[in-house]
Each structure stands twice: as C-alpha cells, then as structure tokens.
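FYI, it's all coordinate maths here, none of it is from the lab. Remember, predicted model here, so these are calculated numbers, not experimental data. Methodologically, a virtual Cβ is constructed for each residue, glycine included, from the backbone with ideal geometry; neighbour enumeration extends over all protein chains shown.
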Amino acid sequence: MEDIKIQHLDPNNQPHQTWIAMCDGNIVGHIYMTFESDNRIKFMDAFVHSDYRRRGIFRLLWDTRWEYVLENYSGWTVYAWCKESSLPLLKEKGFTTGEISTYVEKVIK
C-alpha cells in the first residue's frame, strides 16, 4: 500500500472529531464521530475517494478512530448506523446488532 497518512483534526471544543486520510498531499478519505449526552459517542460518516478504494484506507481510518476511543473514553457507549458491507467490521469489534434499517427514497411530483 502506498504511504497513507492519517491526521486527527483539532475540533476546537466542537462535538465532532475528524480524521482524514492523505496520500501524496491529497485528502483521499475521512471519518467522523460526535459526542452526545449521557457519555455516548456516535460513529458517523466515513468516505474514501473512489480512486483509492480497496486499498485498506477505510480500515485504517476506522481502526485509528477506534484506538482513539479505546484510549480516551472508557465507560462511554459507542453506537453507529452502518451499511451492510461495514457490519462485519463492527461485529469484529464487539458491537451487537440492533434493528436493521433500509434506505428508501421517492421523488415528489
């Protein structure tokens, strides 16, 4: 794999945390989490540019965020909504499955 660097951006006392993946000076992916009340953390949005997919970048971003949470938020509850393709990774990390949701849409005419 090429030289991918993960950078944690300083949130300046905001409830969101961001990590970006960089390759050759370009941002090629990102991952977020946000703090909620009652010591809850919501794992949010993750994205890897289509030209860089299937190279382990999503996993690298995810694992970097996961290690940050393990080191800094003992006792907190982490939750996420995920695509079916991401479910094996969350199960690997010990998450339990809740109800399954399916995205639907309709153009209003």
>> Sort Met33, Met44 by Cβ crowding within 10 Å, fewest neighbours at the top.
In response: Met44, Met33
>> Give the residue list of GluC sites (Glu not before Pro) in region 14-109 that are DSSP loop and have at most 15 other beta-carbon atoms within 10 angstrom.
In response: Glu99, Glu105
> What's the FRET efficiency of Asn12 with Asp63 using the Cβ-Cβ distance as r and R₀ = 22 Å, to the nearest 0.05?
Replying inline: 0.35
> In whole Å, what are the Cα extents of the chain along the three principal axes, biggest one first?
Replying inline: 43, 40, 31
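What percent does the relative contact order of the chain come to when contacts are Cα pairs within less than 8 Å and at least six residues apart?
19
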> Any idea what the dipole of region 4-92 comes to, in debye rounded to 20, about its Cα centre with Lys/Arg Cβ at +1 and Asp/Glu Cβ at -1?
Replying inline: 280
>> At a 10 Å Cβ-Cβ cut-off, how would you order Asp45, Asp3, fewest neighbours first?
In response: Asp3, Asp45
> Do any chymotrypsin sites (Phe, Trp or Tyr not before Pro) in region 33-109 lie in a loop, going by DSSP, with at most 12 other beta-carbon atoms within 10 Å of their beta carbon, and if so which?
Replying inline: Trp81, Tyr103
> His49's amide H: which non-local residues (gap 5+, or another chain) put their own amide H closer than 5 Å, with H modeled 1.01 Å from N in plane and none for Pro or chain starts?
Replying inline: Gly29
> Using r as the Cβ-Cβ distance of His49 and Ser74, and R0 as 41 Å, what FRET efficiency do you calculate, to the nearest 0.05?
Replying inline: 0.75
> For the chain, what is the mean residue ellipticity at 222 nm derived from helices alone (per DSSP H run of n ≥ 4: -39500 (n - 2.57); sum divided by total residues; nearest 500 deg cm²/dmol)?
Replying inline: -6000 deg cm²/dmol
